[in-house]
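Below: the structure, in structure tokens.
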Amino acid sequence: MKQKFLKIKEGAELSFVSADELVFPPHSHDEYVISHNFSGHEKVKLDSKHFEAAEGTTTLYNPGQIQSSCGVRSILSVYLTTPYLTEAGIAARDIDFEVSVVNDPALAATFGVLRSLMEDDDCDSVSEQTNMILLQLLVRKNPLCADTKSHMGSARLTAAQAMLRDNLDQNVSLDALSKELGVTPLHLIRSFVKSCGVPPMTWQRIKRIEAARDLLRNGIAPTDVAYQVGFSDQAHLTRWFKRAYKITPAAFQK
């Protein structure tokens, strides 16, 4: 069995587990749990009801519910406390999961990104992607919520972009950025996605890769480039550079 755990901040943890077949005996959690089935067909008993969750679907659990399941082979679970959700800008009335299974390709794609970031132990980006999942669930529950809530003004958005661009060589956390601008993390992500098409940490990573490309063109060694633009090491630079341009930094430089 393969397991990976990651605590992204107080009140928020992730768990990725895979095996030939996973069996979970009856249990409950104090947190809200959002789980995505990457492979397998899960049969679930939740309190007194039974349901099935196919591969590619997402299951939702409220605190205190008794759950057991079998059949899933690969699953990523997000555990969130009420204080975490409140800090993310989610009102108490919005955090009662009324459905147990969600089948949404966009949500599945976000979980795919989250799994990749989790492997890199990139806590800031994982936190951001977790908030993206929450935002997608809220939009699904209330299709008007993304449009009825006010967005950051252009001046604030420009300030956020400048802060991220001016600090490519270091990690600006989602919390620090949202506090600097006086908005909640969820509000910040919503505004960035609406205006730029991607959340803030992703936007900064794109700018890091662009900066890395310019430095490589000027003959700077990939190892030095990685640190200059804020990647933890050359391997992380190579991974993201190859995803963006389908070529390694070393090959690009040649």
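The values are calculated or read from the model by the stated rules, or taken from the named source; none is laboratory data. What you see is a predicted model, and the numbers here were worked out from it, not measured in a lab. Please note: Cβ atoms are built from the backbone with ideal geometry, for glycine as well, and neighbour counts cover all protein chains shown.
For this structure, a couple of remarks:
- Criterion violated by PRO25 - all others in (1) more than 21 Å from ASP120 (Cβ to Cβ); (2) without any contact (Cβ under 8 Å) to a residue 40 or more places away in the chain satisfied: (2)
- Taken over the stretch 1-27, the criterion of being among the polar types (S, T, N, Q) and surrounded by 14 or more Cβ atoms within 10 Å (Cβ to Cβ) is satisfied by SER15, SER18.
- Subset of the stretch 33-54 that is among the hydroxyl-bearing types (Ser, Thr, Tyr) and surrounded by fewer than 21 Cβ atoms within 10 Å (Cβ to Cβ) - its residue that is modelled with the lowest pLDDT: SER48
- A count restricted to the stretch 106-121 and to residues that are more than 10 Å from the chain's Cα centre (by Cα) and touching a residue at least 40 places away in the same chain (Cβ under 8 Å) stands at 5.
- Hey, SER100 polar (S, T, N, Q) and either touching a residue at least 60 places away in the same chain (Cβ under 8 Å) or farther than 22 Å from ARG140 by Cβ (or both) or not: no
- Here is the figure for the stretch 73-122: residues that are in a strand (DSSP E or B) and within 16 Å of PHE5 (Cβ to Cβ) total 7.
- Residue within the stretch 220-228 that is in contact (Cβ under 8 Å) with a residue 40 or more places away in the chain, closer than 16 Å to LEU168 by Cβ and among the polar types (S, T, N, Q) present: yes
- Taking (1) touching a residue at least 24 places away in the same chain (Cβ under 8 Å); (2) more than 30 Å from ILE90 (Cα to Cα) in turn, LEU168 satisfies each apart from (2).
- Test: residue in the stretch 216-235 that is outside the structural domain of ILE8 (by TED's automatic domain parsing) and at positive phi: yes
- Wholly enclosed helices (runs of 4 or more DSSP H) of the stretch 127-226 bearing at least 3 residues among the charged types (D, E, K, R), at pLDDT 90 or above and surrounded by fewer than 19 Cβ atoms within 10 Å (Cβ to Cβ): 200-217
- Filter result (without any contact (Cβ under 8 Å) to a residue 12 or more places away in the chain and small (Gly, Ala, Ser)) within the stretch 233-253: ALA235, ALA251
- Test: VAL78 is buried (at least 20 other Cβ atoms within 10 Å of the Cβ) and out of contact with any helix residue (DSSP H, G or I) (no Cβ under 7 Å at 6 or more places or on another chain): no
- Within the stretch 55-72, considering residues that are small (Gly, Ala, Ser) and farther than 20 Å from LYS4 by Cα, the one surrounded by the fewest Cβ atoms within 10 Å (Cβ to Cβ): GLY64
- Matching residues in the stretch 82-121 - criterion: being modelled with pLDDT of 90 or more and not hydrophobic (A, V, I, L, M, F, W, C): SER100, ASN103, ASP104, PRO105, THR110, GLY112, ARG115
- Checked against the criterion of being over 17 Å from the mean Cα position of the chain (by Cα) and under 26 Å from PRO185 (Cβ atoms), the candidates ASP30, ASP20 yield just one match: ASP30.
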